[in-house]
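Notes to accompany the following structure.
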């Protein structure tokens, strides 16, 4: 069994054990964050049958995934990086999920472009849950407004996403996100990475984004 597949199965198992101990009923999907890794590193996971992959650059995603998605139409590609409005046209073609919508301008552009090609992308709104100056995402007090706006223009908003501040325990921010998501009546929640996916799973994240935990360190 290839290392990446072994790592994936270990992560799945660790989530299961952790949640069983806490008596929490949650089974988050794992997005294998394949950014910067070449397709030969990703193929063993595809062959094993893993479906969800994350990229953070539109150009890299197009180059890497265009051909493979033709032969594997059941793969889900997740845009997890910051999306510039001038790249939306290309992003909409290749991605199935966008996790980083954080403004009305970006929402409007996605709606326009997906209508042109008759595609419905699943959308997460990115929340700047730690109120960090340098971080993408909307303020939690403005989420409600962006959800309403996005739905009005025909976007399929399925949940919220966050990247909590580093170097502090993420749990309090994950708890805030869980509440916010529930209050808005959204079904999905995208939070948790290689370092904190167990805490995210405990707080009902439905998608965890794991790169180095599966593929090893990036060089």
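Only the coordinates and a few stated rules stand behind these numbers; no lab work does. From a predicted model like this one, the values you see are computed outputs, not experimental measurements. Cβ: placed from backbone, ideal geometry, glycine included. Neighbour counts: every protein chain shown.
Return the single residue from 84, 126, 114 with maximal mean-square fluctuation; model: Gaussian network over the chain, springs between Cα atoms under 10 Å.
Its mean-square fluctuation being the largest, the pick is 84.
Taking the Cβ-Cβ separation of residue 17 and residue 86 as r and a Förster radius of 45 Å, what is the calculated FRET efficiency to the nearest 0.05?
Plugging the Cβ-Cβ distance into 1/(1 + (r/R0)^6) gives 0.50.
Got a sec? Which residues in the stretch 24-62 would a label at residue 74 touch, if it sits 7 Å along Cα→Cβ and we count backbone N under 13 Å?
Hits in the stretch 24-62 for residue 74 at 13 Å: 46-52.
Just to be sure I understand, if you calculate Cα Rg over 2.2 N^0.38 Å for this structure, which of [x] 0.98; [y] 1.05; [z] 1.13 do you get?
[x]
Listed highest first by mean packing, meaning other Cβ atoms within 10 Å per residue, what order do 58-67, 133-142 come in?
58-67, 133-142
Kindly state, as a whole number, the per residue volume in cubic angstrom of the convex hull around the alpha carbon atoms of the stretch 31-130.
Spread over its residues, the Cα hull of the stretch 31-130 gives 102 Å³ apiece.
Please give the length that would be gained between residue 2 and residue 212 if that part of the chain were fully extended, namely 0.36 nm times their separation in residues minus their C-alpha to C-alpha distance (nm, one decimal).
Extending this stretch completely gives an extra 74.1 nm.
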